[in-house]
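What follows is one structure encoded as structure tokens, with my remarks underneath.
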């Protein structure tokens with residue numbers, strides 16, 4: 001099944017939101033944990 005344009009846009013918004021959350025984190029340890037969580041989630045796609 002092909003991905004629709006709206007599904008693709010939602011996927012991009014998910015990525016941007018996750019990256020923004022990582023970028024805004026001030027604590028280095030927390031930032032690393034959020035980044036690892038993002039990578040783990042992203043690898044499932």
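All of the numbers you see were taken from the coordinates with simple rules; none came from a lab. Only a predicted model underlies this, so the values are computations on that prediction, with no experimental measurement involved.
The table below gives the values:
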| quantity | calculated |
| --- | --- |
| Gained length - residue 14 relative to residue 36, 0.36 nm times residue gap less alpha-carbon distance | 6.4 nm |
| Helix axis angle, 5-24 relative to the chain longest principal axis, alpha carbon, degrees | 0 |
| Option label - P(r) over Cα pairs in 10 Å bins from 0, in percent computed here, alternatives (1) 26, 45, 22, 6, 0; (2) 26, 23, 20, 16, 10, 4, 1; (3) 22, 23, 19, 15, 10, 6, 3, 0 | (1) |
| C-alpha long axis of helix 28-43 to longest principal axis of the chain, angle in ° | 20 |
| Theoretical gain in end-to-end length, residue 3 to residue 44 [0.36 nm per residue, Cα-Cα removed] | 13.1 nm |
